[in-house]
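Single-structure report; data block below.
The values are calculated or read from the model by the stated rules, or taken from the named source; none is laboratory data. Because the structure is predicted, anything quoted here is derived from the model rather than measured. Positions of Cβ are generated from backbone atoms using ideal geometry, with glycine treated the same way; all protein chains shown enter the neighbour counts. What goes into the accessible areas is simple: the full protein's heavy atoms, side chains included, and nothing from ligands, DNA or RNA. Shrake-Rupley method; radii C 1.70, N 1.55, O 1.52, S 1.80 Å.
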Amino acid sequence: MKNSSKLAVISIAIVIVCVLVDQILKIWVKGNMELGQTIPLIGEWFNLHFVENPGMAFGLSFGDNLGKLALSLLRLGVVGYIIYFLWKKIKHEDIDTLAVCVLSLIVAGALGNIVDCAFYGIAYGYAPFMYGRVVDMIYVRLFQIPDWFPVFGGDYFFPAIFNFADSCVTVGIILMVCFFKHFFKEEKKESADVPTENPEETTIEE
């Protein structure tokens, strides 16, 4: 199997598996939990808590219906560009396995939430195409911030409720920040080390 074909299979597999896991979990939550219900999974710090998010990741939103449509179109544009970029790099074998995995994770996470926006409103009969609400359910309460701490005192650390798709995007971005910086530096260094075609032409005549 050619390396490009192998990378394409890895990318498609990651996207399909992650989107399936995300959608199965969301459909289970919608079918078995009431809105606002909490199910403790590990002690009091890891829970399922069913909420529906009309906007961005981690419960953020803006602009009501117009903002919702703009966000959905923005997601489609960003995902389309990443898919095109990834396909082009794989086709020319100009990308390694780690980069393929990271970008595929980001694509999978974005697609998982796009499915909610595009089809959940129609499927559950509460909104037209692209106006559906994203299902969030993962609620992690790691520790409580001391009361004396400014602004956030008394709240739990990272109180946002998110989903598996959000996790895929977040992990992908973290891996990109951690591992990709030195790739760009090496590429820049290699291009800087390339000698000129006619070095004697740069010699200053006396």
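Give, as a single signed number, the net charge of other residues whose beta carbon lies under 14 Å from the beta carbon of VAL140, with Lys and Arg counted +1 and Asp and Glu -1. Walk me through the numbers before you get to the answer.
Values: positive: ARG141; negative: GLU44, ASP136, ASP155, ASP166.
So the environment of VAL140 carries a net charge of -3.
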Practice task
Would you calculate the separation in nanometres between label points at ILE27 and ILE42, each defined as 7 Å from the Cα along the Cα-to-beta-carbon direction?
Solution key: 2.7 nm
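Quick one: length gained pulling LEU66 to ILE16 fully straight, 0.36 nm per residue minus the C-alpha distance? Present the calculation step by step, with values, prior to reporting the outcome.
Details: separation 50, 0.36 × 50 = 18.00 nm, distance 3.01 nm.
The LEU66-ILE16 span can extend by a further 15.0 nm.
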Problem - Net charge contributed by nearby residues that have their C-beta within less than 12 Å of MET130 (K/R +1, D/E -1) - result: +2
Problem - Net charge, PHE85 excluded, C-beta distance under 13 Å - Lys, Arg +1, Asp, Glu -1 - result: +2
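What's the FRET efficiency of ILE122 with PHE157 using the Cβ-Cβ distance as r and R₀ = 30 Å, to the nearest 0.05? List each step's numbers first, then the result.
On the way: r = 37 Å, r/R0 = 1.23.
In this case the efficiency is close to 0.20.
Among 126-136, 33-43, 168-178, what's the highest-first ranking by average C-beta atoms within 10 angstrom per residue?
On the way: 126-136: 18.5, 33-43: 10.9, 168-178: 16.1.
Averaged packing, sorted descending, gives the order 126-136, 168-178, 33-43.
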Practice task
Heavy atoms only, probe 1.4 Å: what % of the accessible area of segment 17-140 goes to carbon and sulfur, would you let me know?
Solution key: 70 percent
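By the gyration tensor of its Cα atoms, with a ≥ b ≥ c the square roots of the eigenvalues, what is the shape of segment 109-172: rounded for a/c under 1.5, prolate for a/b over b/c, or oblate?
Details: a/c = 3.74, a/b = 2.26, b/c = 1.65.
In terms of gyration-tensor shape, prolate.
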